[in-house]
Amino acid sequence: MSSSSGQPANSRSQRELTGFTYNLVGHVKHQGLPVANLQIAVFDQYQLFEPGSEPLSVGMTGSRGEFSFAVRPGVYTLRTIPNVEAGTRFLSKSVEDVKVIGNTTVNINLSTGCVIHGRVNLGQYQERGELLESFFASIELLALGIEPSSYRALASLSQTGEFSLVVPRGKYNLALRARSHFEEGAPRFNFLTTRTDVLTVTSDEEINLNLPDLEGFGGEVVDLLGAPVEGARVTLTPAHLSGDSSPERILIDELELRSTAVTGPEGKFQFAIEPGLYDLVIEPKAGSCFFTYKQAGVLAQAGENGQPRRERFTLQEGHRLKGQVVYDTRLLSQALVQVVSQDLQNEYLTRTDGDGQFALSLPSGSYKLTVSAHPKDAPTISIDNIEYASLAPFTANVVVGGETHVAVRLNIGTALYGRVSDDAGQARPGVKVAVYAGNFVLPENGEKELDDALAVASGITDGEGRYCLFLAPGAYKLVVHKDFAGAQRVELKDEPFNLDIVWHGWSQVKFTVYGEDGQPVPRCRVSYTPYGEDPGDNSAPPAQIIGARSLGYPHGFVVTHDDGSCCLTLPSGVYSFKFLPPQAGSYAVRSIRQLSISADVNRKVTLELKEH
């Protein structure tokens with residue numbers, strides 16, 4: 001990786017637009033007719049990388065289908081949210097990558113789908129009388145498309161167990177799962193099942209779903225003195241065993257199956273689940289001095305005589321790390337606070353409240369603290385006619401041995417920006433650019449899951465290969481797509497710094513996966529490993545296996561889009577690829593045992609139809 005330029009830019013090319021907004025407007029129509037009273041939300045593109053993101057703003061279309069938002073310059077996603085319970089047949093639609101650098105108009109055309117409606121039967125819980133309403137209120141139904149698209153639809157249950165959702169024609173996985181959002185103190189039925197149904201939808205469908213028989217598993221959460229801990233969130237997920245990449249495991253991950261209970265005054269919690277191994281996380285309530293408890297592979301099964309099995313979990317008391325985040329004279333809400341232990345074994349996350357306050361309970365030790373503002377609170381700066389949120393992340397090393405308070409003041413940073421291209425000058429879009437402290441050293445065992453948390457800041461190159469990060473003046477290492485060997489050293493001062501990167505040795509591998517019937521295959525998991533490291537492949541020469549390991553070649557997976565496409569970025573080498581379409585789909589698994597990557601690859605992969 002080399003720099004083709006490294007000179008400070010003229011600071012007069014920047015202009016701060018604090019508080020300045022443009023109009024993002026448009027109309028929503030169906031077959032040319034306006035759609036009124038439809039909910040529509042706008043998200044900052046930055047938020048889409050975070051689970052559970054809340055929209056920046058939500059509005060309703062007017063009588064002519066019109067909508068209007070006042071937004072600052074940036075990149076946004078618009079999402080329509082039809083009210084299925086009111087009887088609409090409209091499908092939800094997202095419009096991504098809406099660039100706002102002036103008043104912007106976006107028109108949205110909706111299509112209709114088929115209605116799936118029915119009722120959930122609670123089986124062994126059906127006779128619980130007054131508890132039925134809370135049982136139904138705790139359940140939601142997820143439909144996840146298998147083919148020809150990966151369309152997702154979610155429906156809550158009525159007080160009597162009925163549901164209704166709208167989907168395009170196709171084949172779907174259906175799963176009952178516990179709702180994740182509840183009002184505090186509301187009664188809830190904490191269940192977890194990994195059973196799914198498959199439904200082919202060609203027209204409106206009426207179905208009944210049955211909750212399987214489940215067994216009780218519970219426990220109590222106490223402190224070191226045995227006193228109960230109230231208000232702790234206990235979350236169970238099916239255990240993620242090392243190396244488990246079975247179709248069943250993949251589906252569990254895609255459906256995000258988990259369940260959460262909250263301990264009562266006696267510190268007790270209760271689940272209704274299938275017997276098996278689960279990963280358990282206990283998070284104390286806000287303001288507590290306890291820190292999070294984690295245990296992998298907890299065996300959940302009935303005790304003696306078929307009675308629910310109960311276990312006791314003891315929380316350790318830690319020390320409070322507290323702070324307040326400000327910019328200028330403003331308190332910043334929703335700022336992301338990341339704390340990583342010095343041994344890289346634990347990461348803690350939280351966000352600031354409406355008063356800019358945050359609090360975490362941690363074991364004694366040394367930590368790296370990073371605080372980043374939410375884009376809504378960051379003044380924007382224009383570079384090359386593109387607007388960027390300009391507040392630099394705050395970083396500090398913190399020693400926690402008692403109650404510790406950190407005053408966090410964010411400031412406008414210095415722009416580190418440029419373009420990533422290959423030797424031929426072609427742009428490298430969609431690759432990650434991360435900045436680490438100047439003294440950062442990659443752990444001896446290579447890539448870590450916490451690499452992202454160790455970065456001071458990161459971003460994704462746009463369609464023209466451009467990136468821009470705002471940082472406090474100082475020494476940094478800039479890394480493109482985990483290419484730590486080619487890291488660029490940067491001395492950042494008070495002037496914007498232009499650093500164009502010619503990136504050597506890594507190639508973009510683009511697959512388009514089709515069935516032999518010519519249809520694109522969505523939701524196909526494309527896994528990659530260095531040739532010879534696949535546990536089921538013993539054909540590679542030992543010397544080649546050792547060489548691949550010593551070079552630290554990456555491994556992982558991506559998932560195809562609805563058009564069957566996906567893109568990987570890999571260093572030159574020899575790889576094995578495996579194409580795993582959805583288990584209940586029409587196509588068979590395929591492997592490419594040995595593929596040499598030394599330049600960009602654009603390849604069509606055809607999957608055979610299953611034999612029925």
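No value in this document is a laboratory result; all are computed from the given coordinates. Given the structure is predicted, the values throughout are model-derived calculations rather than measurements. Methodologically, a virtual Cβ is constructed for each residue, glycine included, from the backbone with ideal geometry; neighbour enumeration extends over all protein chains shown.
Toward the positive end of the charge dipole of the chain, about the Cα centre and with charges on Cβ (Lys, Arg +1; Asp, Glu -1), which of 496, 178, 388 goes farthest? Looking along the dipole axis, the top candidate is 496. If the chain linking residue 314 and residue 606 were pulled fully straight, counting 0.36 nm for each residue of separation and taking away their Cα-Cα distance, it would gain 99.8 nm. Distance between the modelled labels on residue 595 and residue 124, one decimal in nanometres: 4.7 nm (7 Å Cα→Cβ projection). Taken over the range 319-502, the ratio of Cα radius of gyration to 2.2 N^0.38 Å equals 1.06. Here the Karplus curve 6.51 cos²θ - 1.76 cosθ + 1.60, taken at θ = phi - 60°, turns the phi angles of the range 573-589 into couplings of x, 10, 10, 10, 10, 10, 10, 10, x, x, 4, 8, x, 8, 10, 8, 5 Hz, with x standing for Gly and Pro. Within the chain, the proportion of C-alpha pairs whose separation exceeds 33 Å stands at 55%.
Residue order for 293, 553, fewest other beta carbons within 10 angstrom first, comes to 293, 553.
Looking at the range 254-303, the GluC sites (Glu not before Pro) that sit in a DSSP loop and have at most 13 other Cβ atoms within 10 Å of their own Cβ are 256, 266. Fewest-first ordering of 567, 468 by other beta carbons within 10 Å of each residue's beta carbon gives 567, 468. Ordering 460, 40 by the number of other Cβ atoms within 10 Å of each residue's own Cβ, fewest first, gives 460, 40. Between residue 134 and residue 205, the modelled labels are 3.3 nm apart [label points 7 Å from Cα along Cα→Cβ]. Largest first, the three principal axis extents of the alpha carbons in the range 300-393 are 71, 29, 28 Å in whole numbers. Taking amide H as placed 1.01 Å from N in the peptide plane, residue 592 has its amide H under 5 Å from the amide H of 577, 578, 579, each at least 5 places away in sequence or on another chain. Annotation: extensible slack from residue 109 through residue 86 equals 6.3 nm (criterion: 0.36 nm per residue apart, minus Cα-Cα distance). Taking R0 as 35 Å, what's the FRET efficiency between residue 94 and residue 485 from their Cβ-Cβ distance, rounded to 0.05? After rounding to 0.05, the efficiency reads 0.40.
Using the eigenvalues of the Cα gyration tensor, what equivalent ellipsoid semi-axes result for the range 114-210 when each is taken as the square root of five times the eigenvalue, whole Å, largest first?
25, 14, 11
Using R0 = 56 Å, the C-beta based FRET efficiency linking residue 21 and residue 516 works out to 0.65. Between residue 248 and residue 299, the modelled labels are 1.8 nm apart [label points 7 Å from Cα along Cα→Cβ]. Per the Debye calculation on the range 22-109 with a single equal scatterer at every Cα and no solvent contribution, log₁₀ I(q)/I(0) for q = 0.12, 0.22, 0.24 Å⁻¹ amounts to -0.34, -1.09, -1.25.
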